[in-house]
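Readers should treat all values here as calculations from the given coordinates under stated rules, not as data from a laboratory. Keep in mind that what you see is a predicted model, and the values were worked out from it rather than measured. Cβ sites come from the backbone with ideal geometry, for glycine too, and all protein chains shown count toward neighbours.
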Amino acid sequence: MTDRTDRTDRTDRPIRVLVAEDQSAVRAGLVLILRSAPDIEVAGEAADGEEAVRLAAALRPDLVLMDVQMPRLDGVSATREITGQGLADVLVLTTFDLDEYVFGALRAGAAGFLLKTSDAATLLAAVRTVAAGEGIIAPAVTRRLIAEFAAPRTAAPAADTAALDVLTPREREVLGCLGEGLSNADIAGRLEMAEATVKTHVSRLLSKLELRSRVQAAVLAQELGLGSARRGAH
């Protein structure tokens, strides 16, 4: 698995983004927004999932802005191929605030999920956040995702629980914080450790659990009820 939780210093170059969207008008709008930011560069454009995978391999962008419903290869499948090969991080954009695409995209390894109704400032902030190695899910989606996939589960499957045995107690604490949607800086403050140490713990737990992104880890933590006892304080 390619670990993309640590990022090289990008002070000397912009964040390179591949825009994958089948509707030309929407794609043009996204490109226009991205190009308005001096620290972001549009590396390429794709009109379908297959082209997105091909261009991700050829251009090696930092991030792919991925629509979920596209011809030839849907965004979820394209995300799975791109993250599986470690080609780039994927920030998923869709008009749906909760359906099978949301969970499918996160399971496929997407680093974030954002509604197409988000304004330009939110989109640019999300791109920067994901490029910095953090995960992001639109707040409205987070609440409904937790309610839909975590709350109904009264007990975690034995296999999932056993998988956590490979983690150290500290790594479990970090996983619980990921489940609450905390950033590395927030986790550092919560657990009283250096942010660099948090990044190390995140990298190690992702590797041990064979997960592709910190967002996948957050979903797993929610499913297992980790960190729930402290969630009410935030």
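Once all Cα-Cα distances of region 165-212 are split into 5 Å bins that start at 0, what whole-number percent is in each one?
Binned Cα distances yield the sequence 5, 25, 37, 24, 9, 1.
Going by average Cβ neighbours within 10 Å, how do the peptides 22-34, 204-216 rank, with the highest at the top?
By packing density, highest mean first, the sequence is 204-216, 22-34.
Highest mean first, how do 60-71, 42-53 rank when packing is the count of other Cβ atoms within 10 Å averaged over residues?
Ranked from most to least packed, the peptides come out as 60-71, 42-53.
With the calculation restricted to Cα positions, what are the radius of gyration and Dmax of region 57-123 in angstrom?
11.4, 32
What spacing in nm lies between the two simple spin-label points modelled at A58 and R72, each 7 Å away from Cα in the Cβ direction?
Going by the 7 Å Cα→Cβ label model, 1.0 nm.
Could you work out how far apart the two model spin labels at S24 and S203 are, taking each label as a point 7 Å from the Cα in the direction of the beta carbon, and quote it in nm?
Using points 7 Å along Cα→Cβ, the separation is 4.4 nm.
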